[in-house]
1. Within the set of pairs 6+ apart or on separate chains, which have a first residue in the stretch 90-101 that is assigned by TED's automatic domain parsing to the domain that holds residue 79 and in contact (Cβ under 8 Å) with a residue 60 or more places away in the chain, a second that is outside any loop (DSSP other than H, G, I, E, B) and surrounded by 13 or more Cβ atoms within 10 Å (Cβ to Cβ), and C-beta atoms under 6 Å apart?
2. For the stretch 13-42, name all the residues that are modelled with pLDDT of 90 or more and touching a helix residue (DSSP H, G or I) at 6+ places or on another chain (Cβ under 8 Å).
3. Taking the stated definitions as given, is residue 194 more than 20 Å from residue 227 (Cβ to Cβ), surrounded by 13 or more Cβ atoms within 10 Å (Cβ to Cβ), at pLDDT 95 or above and in contact with a helix residue (DSSP H, G or I) (Cβ under 9 Å, 6 or more places away or on another chain)?
4. Output the residues belonging to the stretch 1-38 that are surrounded by 15 or more Cβ atoms within 10 Å (Cβ to Cβ), touching a residue at least 12 places away in the same chain (Cβ under 8 Å) and assigned to a loop (DSSP other than H, G, I, E, B).
5. Out of (1) over 20 Å from residue 14 (Cβ atoms); (2) surrounded by 19 or more Cβ atoms within 10 Å (Cβ to Cβ); (3) modelled with pLDDT under 95, what's the single condition that is false for residue 73?
6. Of (1) at pLDDT 95 or above; (2) not in a loop (DSSP other than H, G, I, E, B), residue 272 satisfies all except one. Which?
7. If residue 136 meets every condition in (1) modelled with pLDDT under 95; (2) out of contact with any helix residue (DSSP H, G or I) (no Cβ under 7 Å at 6 or more places or on another chain); (3) in a loop (DSSP other than H, G, I, E, B) apart from one, which number is that one?
8. Identify all residues within the stretch 190-199 that are farther than 16 Å from residue 139 by Cα and in a loop (DSSP other than H, G, I, E, B); write none if there are none.
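The values are calculated or read from the model by the stated rules, or taken from the named source; none is laboratory data. In this text, all values refer to a predicted model and were calculated from it rather than measured experimentally. Backbone-built Cβ (ideal geometry, glycine too); neighbour counts: all protein chains shown.
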């Protein structure tokens with residue numbers, strides 16, 4: 001839907017699974033479908049961000065692969081992919097020894113200062129009227145965007161019918177409008193019918209929504225890091241181990257990290273009353289790095 005929203009031409013391959021058995025079968029199906037799609041064409045490089053299937057298909061077909069990684073805790077995905085990748089681009093804050101333990105060749109690891117979310121804002125144009133365009137009813141003065149946890153992800157073992165954000169919503173709904181951006185239908189149902197809570201229906205301009213909100217509270221990762229880059233106060237209550245890419249923004253004073261309910265609500269109320277001032281963030285040009293390494297791999301094949 002998001003690709004359609006931005007009128008991008010694409011081919012969609014495969015779908016997700018819920019149970020371990022479904023994930024395995026769907027992954028195998030994607031490998032077959034990708035192999036059928038790719039083998040009939042003359043591809044020079046396979047570029048992916050934490051795809052499990054593309055590096056494996058590329059390796060099998062003799063195509064160099066460039067892999068963009070941002071999660072050192074995704075053990076299954078990393079074990080299945082890193083040994084097969086030609087080059088691996090990772091944030092400098094990630095301990096490369098963890099990647100080597102998964103089978104990555106240290107000579108193939110390319111580091112940069114920042115995180116992959118920097119790519120999301122290369123051509124970003126803030127829509128100041130995003131709330132009006134969505135027809136949102138926001139009776140209170142302050143607005144908080146919340147993103148539930150990735151319950152169906154292989155690296156997080158949680159119940160998709162519950163959310164760590166539920167008790168947070170129960171407290172903060174009295175102080176601010178709450179916008180919920182769910183990941184799937186069952187997650188949306190958790191928050192239906194609650195006072196001052198609006199459930200957003202994707203696809204939406206999440207970047208403009210993040211920037212327009214007074215605070216972001218996320219139990220995931222990507223949207224929290226996007227908020228940090230956009231300088232919107234953000235609290236991470238991700239229920240798993242802290243990712244190095246999140247720690248990067250914590251270290252730079254752009255993200256507050258806690259899973260304690262009392263701390264979350266206390267810090268949230270502090271942020272919506274006294275938001276932090278803009279903080280300078282020095283990063284590398286990830287877009288340029290990916291382009292350069294893609295051409296290097298393509299030329300190495302010739």
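1. Going by the 6 Å Cβ cut-off, the qualifying pairs are 91/245; 93/244; 93/248; 94/244.
2. Once the filter is applied, which keeps residues that are modelled with pLDDT of 90 or more and touching a helix residue (DSSP H, G or I) at 6+ places or on another chain (Cβ under 8 Å), the stretch 13-42 yields 13, 27, 30, 31, 34, 35, 38.
3. So residue 194 fails the test.
4. Initial filter on the stretch 1-38 (surrounded by 15 or more Cβ atoms within 10 Å (Cβ to Cβ)): 13-14, 17, 23, 26-27, 29-31, 33-35, 38.
Of the ones still in play, those that are also touching a residue at least 12 places away in the same chain (Cβ under 8 Å) are 13-14, 23, 26-27, 29-31, 33-35, 38.
Scanning the stretch 1-38 gives 13, 14.
5. (2)
6. (1)
7. Here residue 136 meets the rest and fails (1).
8. 191, 192
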